[in-house]
1. State whether the residues of region 59-72 include one that is within 15 Å of ligand 2 (Cβ to nearest atom), part of a helix (DSSP H, G or I) and over 23 Å from Gly239 (Cβ atoms).
2. Scan region 160-171 for residues that are loosely packed, with under 14 Cβ neighbours inside 10 Å and under 20 Å from Ala419 (Cα atoms) and jot them down.
3. How many residues are touching a residue at least 40 places away in the same chain (Cβ under 8 Å) and under 21 Å from Leu265 (Cβ atoms) when one looks only at region 290-313?
4. Given the options Gly55, Gly95, Gly99, name the one that is modelled with pLDDT of 95 or more, farther than 27 Å from Asp249 by Cβ, within 16 Å of ligand 1 (Cβ to nearest atom) and part of a helix (DSSP H, G or I).
5. Is it fair to say Val183 is β-branched (Val, Ile, Thr), touching a strand residue (DSSP E or B) at 6+ places or on another chain (Cβ under 7 Å) and in a loop (DSSP other than H, G, I, E, B)?
6. Considering only residues that are over 19 Å from Cys85 (Cβ atoms) and open to solvent by less than 60 Å² (accessible area, probe 1.4 Å), which ones fall in region 403-424?
7. Return yes when Gln108 is under 26 Å from Asn258 (Cα atoms), at pLDDT 95 or above, more than 16 Å from ligand 2 (Cβ to nearest atom) and of a type in the set (S, T, N, Q) and no when it is not.
8. Conditions: (1) at pLDDT 95 or above; (2) touching a Leu at 6+ places or on another chain (Cβ under 7 Å). Leu174 meets all but one. Number of the miss?
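The values are calculated or read from the model by the stated rules, or taken from the named source; none is laboratory data. Predicted model, so just to flag it, every value in this text is computed and none were measured. Backbone-built Cβ (ideal geometry, glycine too); neighbour counts: all protein chains shown. Protein only, heavy atoms only, side chains kept; ligands, DNA and RNA dropped before computing areas. Shrake-Rupley method; radii C 1.70, N 1.55, O 1.52, S 1.80 Å.
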Amino acid sequence: MSAAAESAASSNGPGFAAPDVPSDAIINTCVHCGLCLPNCPTYRELYREPSSPRGRIQLIRNVAEGRIGIDSPIFREQMYQCLDCRACEAVCPSGVQYGQLVETARAQIERAVPRPIWQRVLRRLAFQGLFGSMPRFRAFAGLLRFYQRSGLQRLARATGLLRLVGMEQRERMLPAIDSEFLVPRGQTWTPAGPVEHRVALFAGCVMSTAYAEVDRATARVLAANGCEVVAPPSQGCCGALHVHAGLLDDGRELMRRNVEAFEALDVEAIVVNAAGCGAALKEYGHLLADDPTYAARAAAVAAKVKDVTEYLCSIDLTPPGGRVEQTVTYQEPCHLAHAQRVKTPPRQLLRAIPGLRLVEMAESDLCCGSAGIYNLTQPELSAALRRRKVEHALATDATTIVSANPGCMLQLQAGLAEAGRPIAVKHVVELLDEAYRAGSAPAAK
Ligand code: SF4
Ligand code: SF4
C-alpha cells in the first residue's frame with residue numbers, strides 16, 4: 001500500500017480502511033493502455049472515460065491516495081454503474097484483476113457511506129432475510145408463484161395498479177416460478193449403466209426455484225454420462241449477489257455454510273449450472289483467504305468446482321441419440337466467458353446435438369445488462385444493454401436463444417417480451433436433456 005493510502009486508511013478521513021482494501025498491487029498493474037475500453041459495455045454505451053475500466057481504476061486510485069473522498073458522488077456512481085461483468089479483465093494484457101478491485105471498492109462504500117434507512121431495510125430483507133435462508137427463499141418463491149398463477153398478477157397488470165406504484169417495469173423482470181422446486185436433501189441420481197464418476201450438484205437459489213427444471217435436466221444429463229449425482233442438504237445461496245453488492249461479510253457467511261455442505265463429499269467435481277454461482281464458488285479460496293478456520297477448506301472446495309458445460313467436455317461425452325431440430329444462438333454469460341474463461345464448451349455441447357444448428361449472434365459475449373441486481377439499480381443502462389442483446393439475437397434466424405445463467409435467461413425473456421417476440425430461451429443442458437430423452441442413450445433412473 002502506498003504511504004498516502006496507508007495514512008488515509010488509518011485515519012477517519014478520505015481513503016480506504018481495512019479489511020477488504022482495494023489492492024495497491026492490482027491498481028498499479030494497470031498501465032493505462034486502454035485496450036479494455038472497447039470491451040466495456042458501459043463505455044460502449046456512454047463513451048465517457050469515467051465509465052470505462054481505466055477510468056474506474058483511476059477513481060479507485062484517487063480514493064486510495066486521498067485525492068477524493070470515498071463519499072465522492074462520481075466514485076460512488078461509477079463503482080455501481082460498473083456491471084462487474086469482467087470483460088475488461090479477460091482482455092487486459094497486464095492481467096489486472098479488476099473484479100477484486102470493484103468488489104472491494106463497493107465493500108468500502110457500504111461500510112463508510114450509510115444508505116437511506118429504507119434502502120438499508122430493503123437490502124437487509126433481501127440479502128439476509130431471503131438469500132440468507134433457503135427455507136425462507138423457497139417460501140417467498142412459493143408466494144410469488146401463487147401471485148403469478150392465481151390471477152392476481154393478471155389483475156394487477158390489467159388494473160394499472162403496478163404502474164400506479166411505479167413497479168410496472170420491475171414486476172416484468174420477475175422470474176416465472178417453476179411448479180416444483182428442487183430441494184437438495186441428499187438425493188442421488190444414478191446412471192442406468194455403470195457408475196464412472198461421482199459428482200455433487202450445486203442447486204443454487206434462483207435456479208432451484210425459478211428454473212428448477214434446469215437443475216433436474218442437469219442431473220439427468222450428468223447421469224446419462226455415467227455420473228452418480230448427489231445434491232447435498234444444507235447447501236444454499238453461493239453469496240455472489242452479496243459480493244457484487246459490497247456485502248462481503250454477509251456473503252462470507254453463506255460461503256462458510258457451503259464449504260461445510262460440500263467439503264466432506266467424496267466427489268470428483270462440484271457441478272454448477274449457473275455461471276454467476278460458478279464464478280463465485282471458484283473464488284471461495286480467495287474470498288475466505290483471511291479466515292484461518294476456513295481458508296484451506298474453502299480453497300479445497302473451490303478447486304473442485306466446474307461449470308456443467310466445462311465438466312461434460314472434460315469427460316467422455318455420451319453422444320446424444322435423439323435429434324433436436326432447432327436453430328439456436330448462444331448468449332455468453334459474462335461470468336462464464338470472462339470470469340471463468342469458459343467459451344468453447346457450451347458451443348461444443350450444442351454442436352454435439354444431432355439436428356441442432358448453432359448460429360452466432362453479434363457481440364455474444366457483451367453483457368446483457370442483467371448483472372445480479374443491476375436491472376433494479378441501473379434500470380436505464382440495463383434496458384439499453386438488454387435491447388442491444390435482443391436486437392443481435394433477433395437478427396439471426398434462431399428460434400431459441402441459449403444461455404447458461406438464470407440472470408441472463410430472465411433478462412433475455414424480459415427483452416424478448418418487450419420486443420413482442422417471445423421466442424424460447426433455454427439453458428444448454430435443457431437442449432442436451434431433450435436430445436438424450438429423445439434418443440436411445442441410457443436414461444437416468
Ligand atoms: S485495465 Fe488493463 S487493458 Fe485496461 S487500461 Fe489498464 S492495463 Fe490497459
Ligand atoms: S467489469 Fe464490465 S462494466 Fe465494469 S469496467 Fe469492466 S468491462 Fe466495464
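1. Yes, there is a match, as at least one residue in region 59-72 is within 15 Å of ligand 2 (Cβ to nearest atom), part of a helix (DSSP H, G or I) and over 23 Å from Gly239 (Cβ atoms).
2. Of everything in region 160-171, those that are loosely packed, with under 14 Cβ neighbours inside 10 Å and under 20 Å from Ala419 (Cα atoms) turn out to be Arg163, Met167, Arg170.
3. Of all residues in region 290-313, those touching a residue at least 40 places away in the same chain (Cβ under 8 Å) come to 290, 298, 301, 304-305, 307-309, 311-312.
Add one more test, that the residue is under 21 Å from Leu265 (Cβ atoms), and what stays is 298, 301, 304-305, 307-308, 311-312.
Total satisfying the criteria: 8.
4. Matching residue, one of Gly55, Gly95, Gly99: Gly55.
5. Spelling it out, it is not the case that Val183 is β-branched (Val, Ile, Thr), touching a strand residue (DSSP E or B) at 6+ places or on another chain (Cβ under 7 Å) and in a loop (DSSP other than H, G, I, E, B).
6. Leu416, Ala419, Gly420, Ile423, Ala424
7. yes
8. (1)
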